[in-house]
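A quick write-up on the structure given underneath.
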Amino acid sequence: MDKKALAEIYHEETKYHEARMGKFQRPLDWGAQPSPYKEYHSDKKIDLIPYLPFQNNPFTGEPLPPAKTQGGYPFGIAEISRLLYFTNGVTGILQYPTGQTLTLRAAPTAGGLYPTELYVAIRGLSVLENGIYNFQVKDHSLVLVWEGDFWEEFERYCMHHEAIAKSNLLVIMTAVYQRSAWRYQERAYRRILLDTGHILGNLVVYAPEEGFSPVPIGGFLDTSLNRLLFLDEAEEGVLAVVALPQGEKINPEEIRPTSAVASMPIPKGENDLKMLQLQLHRVSSILPGEKVDLSAVRRPPDLNVLESKHSYKEATLLPESPIDWGESVGQSILLRRSTRGFSGEGFLKEELAGILGYAYFPVAAVPSPFFDPSILQTYLVVQKVVGLQEGIYYFVPQKNELRLLSAGDFREQTWHFCLGQELARDAAALVIHIAHLKRAVEKYGDRAYRYLHLDAGQIGERLNLAAIRLGLGVSGIGGFYDDEVNALLGLSLDEIVVYITTLGRPRSS
Ligand SMILES: Cc1cc2nc3c(=O)[nH]c(=O)nc-3n(C[C@H](O)[C@H](O)[C@H](O)COP(=O)(O)O)c2cc1C
């Protein structure tokens, strides 16, 4: 028998099985829930609210004076304020009858747990000190946590990725594991990566409106970056770095793919790490001095792999249906909420085509904002889409083509494998991301697990925004009986289910 990678072991261990849900269903200890905010005590705090382009303060509802438009070279605080707001700022406040409030953010998050933190590195701005800042979501501010120009370190730790040198602004995404693990235990890591992928999705779609060309970087020296940010690695770790060079300065052809390979044996003494998910994160880390073969990742992803699957099945070419985003994609980010119930009605094939076309457009783009679009595959369960037969389809993103695998009504099965959630039964369609994990691990080592989930999250966010723009409903689903999904889609044992997004008509409340 061949030896399994830790990513495979972790995935197997964290599958939900109907008969074995007990181990994931311990009662929640509400007193032990970690705060979704990180505290930094610093006397250098920059209030970003006055720069927001709104009439009312999103936290208090009080009228705001006209947004400050103070300039700056090469850009100002206003650009940073809007960029962070539309990436992961507070876009909604829920008031419970008990008087408690829940703040909702620009990107969705499993269980409302918000494990992702954003840090911003800045250099050479006329209006802000060089340094590393933490984005404080709870009052839309920046706190300066380390003063100085750290570009030399970022370049080294991101293995001399070209986009770092061309940027004056970096966004670093980390996760505080326990915020999600508190509830989801070992399965948290999957959702943490998906959540962070959603945030990455917002940044990638919004940044061009502020004149930036976002370049997500997945290959970096983990421990070095974690230390630069003074993170306690047992609690928090960097998941992605996004370089934000400005507009035309960047030549897409010069930017190489952003993923790098990592797989190391579990170091002795690390077996006592609290959780398997932390071991997986550690094992998929790149350490200083480790030989990283960048030539392997310089090759563009081979999308033929996606095209050759199910190629003999009956194909439907989806019509080109570009989405009109109006003034700004930011409007859809502001409106985005996860739909809490679908009506069960259908929508049009053209609407599905518009959503998929937008979500997957960057698959073949150069450079692609995805870490590796060739290792993630997409299936759809169409439950009610006017102009399409009900059934299970395989989707070829670069051709916008659906291949019918099995016709029929599978609502009973989708409802059941999504843990009995009505969202799945009443959705017009489910988009299901899967991957051949063994092959992905052959390419990137255990680090493939990160790329797969971050990319699925990023595509999930694009699906969200497109659906919202069309007035439809959408919600991610991170909890499912894995093997039941495999069985319905006819997947092999080496294929894993990464993420599910439900689309439909929202139920009127
Ligand atoms: C990775 C992920 C998994 C999710 N899983 C579910 C789910 O299984 N069921 C559900 O009703 N909502 C799910 N959601 C939606 C969250 O509950 C929702 O994002 C959160 O409550 C915040 O609300 P908002 O999206 O409206 O801002 C998921 C969201 C994400 C990003």
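The values are calculated or read from the model by the stated rules, or taken from the named source; none is laboratory data. Please read all numbers here as calculations on a predicted model, not as lab measurements. All Cβ positions, glycine included, derive from the backbone under ideal geometry; neighbour counts span all protein chains shown.
Numbers below:
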{"item": "Residue check, Phe75 farther than 30 Å from Cys418 by Cβ, over 15 Å from the mean Cα position of the chain (by Cα) and within 16 Å of the ligand (Cβ to nearest atom)", "result": "no"}
{"item": "Among (1) in a loop (DSSP other than H, G, I, E, B); (2) more than 16 Å from the ligand (Cβ to nearest atom); (3) of a type outside the set (A, V, I, L, M, F, W, C); (4) out of contact with any helix residue (DSSP H, G or I) (no Cβ under 6 Å at 6 or more places or on another chain), the one test that Ser321 misses", "result": "(4)"}
{"item": "Failed criterion for Ser332 (all others in (1) of a type outside the set (Val, Ile, Thr); (2) within 20 Å of the chain's Cα centre (by Cα); (3) more than 27 Å from Val215 (Cα to Cα) hold)", "result": "(3)"}
{"item": "Any strands (runs of 3 or more DSSP E) falling wholly within the stretch 80-150 and containing at least 1 residues that are closer than 20 Å to Ala207 by Cβ, without any contact (Cβ under 8 Å) to a residue 40 or more places away in the chain and within 16 Å of the ligand (Cβ to nearest atom)", "result": "101-105"}
{"item": "Residue in the stretch 210-220 that is more than 21 Å from the chain's Cα centre (by Cα) and either surrounded by fewer than 17 Cβ atoms within 10 Å (Cβ to Cβ) or away from the ligand (no atom under 16 Å from the Cβ) (or both) present", "result": "yes"}
{"item": "Those helices (runs of 4 or more DSSP H) lying entirely in the stretch 361-468 with at least 2 residues more than 16 Å from the ligand (Cβ to nearest atom)", "result": "411-417, 437-444"}
{"item": "Positions within the stretch 469-491 being more than 14 Å from the ligand (Cβ to nearest atom) and not in a loop (DSSP other than H, G, I, E, B), in sequence order", "result": "Arg469, Asp483, Glu484, Asn486, Ala487, Leu488, Leu489"}
{"item": "Subset of the stretch 152-171 (residues that are surrounded by fewer than 21 Cβ atoms within 10 Å (Cβ to Cβ) and either farther than 22 Å from Glu210 by Cα or without any contact (Cβ under 8 Å) to a residue 12 or more places away in the chain (or both))", "result": "Glu152, Glu153, Glu155, Arg156, Met159, His160"}
{"item": "Pairs where the first residue, in the stretch 1-15, is at pLDDT below 90 and the second is outside any helix (DSSP H, G or I), C-beta under 8 Å, 6+ apart", "result": "none"}
{"item": "Qualifying residue in the stretch 156-174 (condition: modelled with pLDDT of 95 or more, in contact with a Gly (Cβ under 9 Å, 6 or more places away or on another chain) and part of a strand (DSSP E or B))", "result": "yes"}
{"item": "Extreme residue, farthest from Leu376 (Cα to Cα), among residues of the stretch 327-339 that are assigned to a loop (DSSP other than H, G, I, E, B) and modelled with pLDDT of 95 or more", "result": "Ser328"}
{"item": "Residues being buried (at least 22 other Cβ atoms within 10 Å of the Cβ) and either assigned to a loop (DSSP other than H, G, I, E, B) or within 16 Å of the ligand (Cβ to nearest atom) (or both) - total across the stretch 340-360", "result": "2"}
